[in-house]
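The values are calculated or read from the model by the stated rules, or taken from the named source; none is laboratory data. The structure presented is a predicted model; accordingly, all values stated were derived computationally and were not measured. Cβ: placed from backbone, ideal geometry, glycine included. Neighbour counts: every protein chain shown. Heavy atoms of the whole protein, side chains included, go into the accessibility calculation; ligands, DNA and RNA do not. Shrake-Rupley method; radii C 1.70, N 1.55, O 1.52, S 1.80 Å.
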Amino acid sequence: MRNHDITELRRQDVAHHLPAQANYRLIADMGGSRIITRAEGSTIWDGDGNAILDGMAGLWCVDVGYGRKELAEVAYEQMLELPYYNSFFRTATVPAIALAAKVAGLLGGELQHIFFNSSGSEANDTVFRLVRHYWTLKGRPERRIFISRHNAYHGSTVAGASLGGMAAMHAQGGLPIPGIEHVMQPYAFNEGFGEEAEAFAARAADAVEARILAVGPDNVAAFIGEPVQGAGGVIVPPPGYWPRVEAICRKYGILLVSDEVICGFGRLGRWFGFQHFGYTPDIVAMAKGLSSGYLPISATAVSREIVETLRASDRDFVHGYTYSGHPVSAAVALRNLEIIEREKLVDRVAHDIGPHFARAVASLDDHPLVGETRTCGLLGAIEIVAEKGTNRRFGGAEGAAGPVVRDACIAGGLMVRAIRDSIVMCPPFVITHAEVDRMVAIIR
Ligand code: PLP
């Protein structure tokens, strides 16, 4: 364990560092960020020596938990052998090819080709450019519109934030860019409170069809959605929603994009969220759990039909990044997937820790301030309400209690996130039963 001068680091944090997605005035008023210095298993430590149970797996990503020596070793070996090479010069590297084959095997079906990027946002930028290029090659350049949902999260780049449906992000920078339509989200607790689940599922899916008809089916390129909306507040769609959305996409010949940046690689108890919900996408965006966050890497998988269309053209696809298929990230991701397989962590989420987590979170249903709990695999949310039996929040629609509960949890030794007045959870796949019980006890 290394010693750090935390007081000096916090001073420099304010003096020189602009953290991502942060309120800079608040950080300055706090005298600097909380500095995380080390981690092991499902626990992180801050510079003051506080142990905090990581109920968020970092930022929805450290699925295999912290402290995996073999991931460090594989990175070390790959760095010595070949730290970098790209695919711009009709070249490729061993780890990139091996990882593409591995991910294609897990996806199965028609999704047999993988394009690499470094982040989830970039994976969706690739989706954006690839889909429009595809339709142009098909002789249908008018198919340009993407349909997404309000409160969706697809990243922070211009295309990612535009595809996403976060009003606060749109307000900064004049987004969304043209050609992106947002429809209602399948958020039953908010938009279908008291409505029968089947009817709500149909109503939310039919909003997609209504928008397709409003803008003209021949102008629509793709629908994009997260299997479960993560950053929107762990919004688990009601049964029937996804198959109905899929049927609508097929009816109008629209590409279906599954953004599996959070749900992919076992989070919902299957390798992919589309398998859990029973639909077949044409394109899949992946990141986070691909490497368990140990190094940045993301992937965009496309169907054979899309690849055949690209191959029928003599033009380059003029899109890609310096770090596409980075060999060290790819080697680490490959070993990370091997760990998930070897330790049967997807099964663990489906049959062991996932059900335990579901029961533990549901035990909060009787709390006087809890309006709803919901879980799907190892994703969970707790809705805090001002009046039991309603969806009325403290302080109006945006809520005021979430940050209070979150801060109390952190002070009590648990990292969770507040999204408006929902407390959301996304623990590592290796979290123990006792740690899950501790999470719920701290929240209560
Ligand atoms: N898509 C989804 C569903 C996400 O949850 C995120 C990040 O949380 C992204 C895309 C963007 O990924 P990144 O932050 O790696 O750019």
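A few remarks follow.
- Computed E for Thr322/Leu80 - FRET, C-beta separation, R0 22 angstrom, nearest 0.05: 0.60
- Accessible surface of the chain, 1.4 Å probe, proportion on carbon and sulfur as whole %: 55
- With a Förster radius of 25 Å applied to the C-beta separation of Val215 and Phe193, the computed FRET efficiency comes to 0.30.
- Gaussian network model of the chain, springs between alpha carbon atoms under 10 Å - residue of Val430, Val257, Val284 with greatest fluctuation: Val430
- Using θ = phi - 60° in the Karplus curve 6.51 cos²θ - 1.76 cosθ + 1.60, the 3J(HN,Hα) couplings for the stretch 400-410 round to 9, 8, x, x, 5, 5, 4, 5, 5, 5, 4 Hz; x is entered for Gly and Pro.
- Per residue accessible area of the chain, 1.4 Å probe, in Å²: 43
- Here the Karplus curve 6.51 cos²θ - 1.76 cosθ + 1.60, taken at θ = phi - 60°, turns the phi angles of the stretch 169-183 into couplings of 6, 4, 5, 9, x, x, 9, x, 5, x, x, 10, 10, 10, 10 Hz, with x standing for Gly and Pro.
- Protection proxy ranking of 8-16, 110-118, by the mean of other Cβ atoms within 10 Å over each peptide's residues and highest first, is 110-118, 8-16.
- Computed on the stretch 247-305, with alpha-carbon pairs under 8 angstrom and 6+ residues apart, the relative contact order is 30 percent.
- The stretch 309-402: relative contact order in percent, alpha carbon pairs under 8 Å with at least 6 residues between: 14
- For the stretch 68-102, the list of chymotrypsin sites (Phe, Trp or Tyr not before Pro) that fall in a loop by DSSP and count at most 13 other C-beta atoms within 10 angstrom reads Tyr84, Phe88, Phe89.
- Residues in the stretch 259-286 reached by a label modelled at Asp347 [backbone nitrogen below 14 Å; 7 Å Cα→Cβ]: 270-271
- Prolate/oblate/rounded call for the stretch 170-286, Cα gyration tensor, a/c under 1.5 rounded: rounded
- Percentage relative contact order, the stretch 1-55, counting C-alpha pairs under 8 Å, at least six apart: 26
- Efficiency of FRET between Leu9 and Lys138 - r from beta-carbon atoms, R0 51 angstrom, step 0.05: 0.40
- Highest mobility in the GNM of the chain, judged by mean-square fluctuation with C-alpha springs under 10 Å and restricted to Gly230, Gly109, Gly354, is found for Gly109.
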